[in-house]
Amino acid sequence: MIVSAAQLHLCIGDLDGNRLAARRAIEAAAEAGARLIVLPELTASGYVFDDRAEAMSLAEGLAGPTVAEWSDLAASRDLVIVGGVAERDAGGALFNTAVVVDSTGLRASYRKAHLWDREKEVFTPGDARPVLVDTAVGSIAVMVCYDLEFPEWMRFAALGGADIVCVPTNWPLAPRPEGERPGEVVRAQAAASTNRVYLIAADRCGTERGVSWTGGSTIIDPDGFAIAGPVSADEPALLLADIEPARARDKSLSDRNHVFDDRRLDLY
């Protein structure tokens, strides 16, 4: 099964332009045979808000135009799409949300629980564990960006039966030694291998209001190896990889070792 991570160049406030970039990436991935497509965090709105009021002005409900368009694309091409939106709920709260849509429409939504830096001034944190959805492409779990830094969050997803963990993200560029991979990618590889799951991270590229992005989009196998990406932080990219979801259901490391059974819960 072919899966995809779409690294996009997005612009704060350009709702129509950002939706168009996402639609083109979805269509291109589908043409290449992808069944599961992961888009970045806050795809429609952009990320570097001046304040909460600006974020609120760019937010929408889960019945809004972004989710509706992704649902239409999923239905017309038999896809599963995971992507990020700024969600405004009926009570006026604002969440950094990722949605899962397939040919039947909206399947699930997940509100980012671990807020990064100035996100704490804009969003309300989610209060639920990573969402798990049984889809036509396998069991997928969803979390957003900084959530991935917490090993407990990945373990919840893996113990819940996830074959694939989908991570819409906006990783700001951080200094690193020459020749080294981004730390976010290193940690994503470790998370995939210690839980023996596939992991798909869709990052951004370019610069937004002075913030540059890592361009860390990558697809990782259950051994922790990148089978697509990471790619240049300067340009949009469409990553594709052929995966076998059943591999993620085998948690054995050897004839005598198993990543779940070997845990010493009596000591933790």
Only one of these is surrounded by fewer than 14 Cβ atoms within 10 Å (Cβ to Cβ), out of contact with any Cys (no Cβ under 9 Å at 6 or more places or on another chain) and closer than 19 Å to Tyr110 by Cα: Gly179, Gly160. Name it. Gly160
Looking at the stretch 193-223, which of its residues are among the acidic types (Asp, Glu) and over 17 Å from the mean Cα position of the chain (by Cα)? Glu208, Asp223
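Determine which member of the set Arg107, Arg209, Arg111, Arg204 is touching a residue at least 24 places away in the same chain (Cβ under 8 Å) and either among the β-branched types (Val, Ile, Thr) or loosely packed, with under 14 Cβ neighbours inside 10 Å (or both). Steps first, please.
On the way: Arg107 fails: either among the β-branched types (Val, Ile, Thr) or loosely packed, with under 14 Cβ neighbours inside 10 Å (or both); Arg111 fails: either among the β-branched types (Val, Ile, Thr) or loosely packed, with under 14 Cβ neighbours inside 10 Å (or both); Arg204 fails: either among the β-branched types (Val, Ile, Thr) or loosely packed, with under 14 Cβ neighbours inside 10 Å (or both).
It is Arg209.
Results for (1) touching a residue at least 60 places away in the same chain (Cβ under 8 Å); (2) under 25 Å from Arg247 (Cα atoms); (3) not polar (S, T, N, Q), shown as yes or no for each residue.
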{"position": "Ile26", "(1), (2), (3)": "no, no, yes"}
{"position": "Ala34", "(1), (2), (3)": "yes, yes, yes"}
{"position": "Glu54", "(1), (2), (3)": "no, no, yes"}
{"position": "Pro65", "(1), (2), (3)": "no, no, yes"}
{"position": "Ser76", "(1), (2), (3)": "no, no, no"}
{"position": "Leu79", "(1), (2), (3)": "no, yes, yes"}
{"position": "Glu119", "(1), (2), (3)": "no, no, yes"}
Tally, over the stretch 72-126, of residues that are under 18 Å from the mean Cα position of the chain (by Cα), basic (Lys, Arg) and either assigned to a loop (DSSP other than H, G, I, E, B) or more than 18 Å from Met154 (Cα to Cα) (or both): 2
I'd like the residue in the stretch 45-90 that is within 25 Å of Ile164 (Cβ to Cβ) and touching a Lys or Arg at 6+ places or on another chain (Cβ under 8 Å) and, out of all such residues, is surrounded by the fewest Cβ atoms within 10 Å (Cβ to Cβ). Asp78
Being over 18 Å from Ser217 (Cβ atoms) and crowded, with 16+ Cβ neighbours inside 10 Å is the filter here; which residues of the stretch 16-34 pass it? Arg19
Being surrounded by fewer than 17 Cβ atoms within 10 Å (Cβ to Cβ) and in a helix (DSSP H, G or I) is the filter here, so list the residues in the stretch 128-154 that pass it. Glu149, Pro151, Glu152
For residues that are farther than 21 Å from Asp72 by Cβ and assigned to a helix (DSSP H, G or I), tally how many sit in the stretch 27-57. 6
Hits in the stretch 88-114 (condition: at pLDDT below 95 and either hydrophobic (A, V, I, L, M, F, W, C) or touching a strand residue (DSSP E or B) at 6+ places or on another chain (Cβ under 6 Å) (or both)): Ala90
Provide a single number: the residues in the stretch 244-260 that are touching a Ser or Thr at 6+ places or on another chain (Cβ under 9 Å) and free of Cβ contacts under 8 Å to residues at least 12 places away in the same chain. 1
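Can you give me the ranges of the strands (runs of 3 or more DSSP E) entirely in the stretch 193-249 with at least 1 residues that are among the small types (Gly, Ala, Ser) and modelled with pLDDT of 95 or more?
Answer list for the stretch 193-249: 198-202, 226-228, 237-242.
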Any chance Leu173 is without any contact (Cβ under 8 Å) to a residue 40 or more places away in the chain, touching a strand residue (DSSP E or B) at 6+ places or on another chain (Cβ under 9 Å), surrounded by 14 or more Cβ atoms within 10 Å (Cβ to Cβ) and farther than 23 Å from Ile2 by Cβ: no
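The values are calculated or read from the model by the stated rules, or taken from the named source; none is laboratory data. Please read these numbers as outputs of a predicted model, since none were measured by experiment. Cβ atoms come from the backbone with ideal geometry, glycine included; neighbour counts cover every protein chain shown.
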